[in-house]
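For reference, the structure discussed in these notes is given below.
The values are calculated or read from the model by the stated rules, or taken from the named source; none is laboratory data. Predicted, not measured: the structure shown is a model, and the values here were computed from it. Every residue, glycine among them, receives a Cβ derived from its backbone with ideal geometry; neighbour counts consider all protein chains shown. Calculation scope for accessible area: heavy atoms of the full protein, side chains included, ligands and nucleic acids excluded. Shrake-Rupley method; radii C 1.70, N 1.55, O 1.52, S 1.80 Å.
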Amino acid sequence: DALIRKAVVTVDNLDSDPVSRRFRPVTQVQGTVPVIRSGDSIRLDSANYARYEPWVQAFTTASPEQLVAVYTRYYPLFQDAYEDLGYPDGYFNDRLVQIIDHLLATPEVTGPIALKQPKVFFEFADPKLERLSWGQKALIRIGPEQARAVKQQLRAVRDTLLAQSGGQ
């Protein structure tokens, strides 16, 4: 229901705060966040990465050309949804490339990821990580190997988009 509109809202917010689940184009990742507790220490369990495997695999196994072909076919609907968000003079394609660049700038985190739980939800204990955008935090939560695969696919999609449009 309203897949394109929800995708546009989600993409537009990846460099800021998360959007409400009701505006997301896909369902929530199943299961709870696995953590390792030791005294006052909380770390993200690497088992968490497996929760994201189906999503990562679906995104990374499609060819960039296929992804861009589908996007291009429905671009007028993406553009209409973007204008409806309050950007009547903007181009969704420009925003998409901007978001891809933002996600590609996500720092690579290796080793244990320290967490804290001030309330119900976990947060990154490292203030630098906690200050990252919603999209960048998601790339960290999927694990370093899957994040590299997603970034590789994002680069390929970006390159395909720009080659198609004659951009750089």
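Computed values, structure above
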item: Residue within region 151-164 that is surrounded by fewer than 19 Cβ atoms within 10 Å (Cβ to Cβ) and among the β-branched types (Val, Ile, Thr) present; result: no
item: Matching residues, region 30-60, being open to solvent by less than 70 Å² (accessible area, probe 1.4 Å) and part of a helix (DSSP H, G or I); result: 47, 48, 49, 50, 51, 52, 56, 58, 59, 60
item: Cross-chain or 6+ apart pairs with Cβ under 9 Å, region 78-105 first and over 19 Å from residue 156 (Cβ atoms), then of a type in the set (D, E, K, R) and part of a loop (DSSP other than H, G, I, E, B); result: 83/89
item: Single residue of region 61-92 satisfying the filter (among the small types (Gly, Ala, Ser) and not in a loop (DSSP other than H, G, I, E, B)) that is surrounded by the most Cβ atoms within 10 Å (Cβ to Cβ); result: 81
item: Search result, residues across region 121-143 that are surrounded by fewer than 16 Cβ atoms within 10 Å (Cβ to Cβ) and in a helix (DSSP H, G or I); result: 127, 128, 130, 134
item: Where residue 166 falls short, out of the listed (1) under 16 Å from the mean Cα position of the chain (by Cα); (2) at positive phi; result: (1)
item: Test set (1) outside any loop (DSSP other than H, G, I, E, B); (2) within 29 Å of residue 5 (Cα to Cα) - residue 115 fails condition number; result: (2)
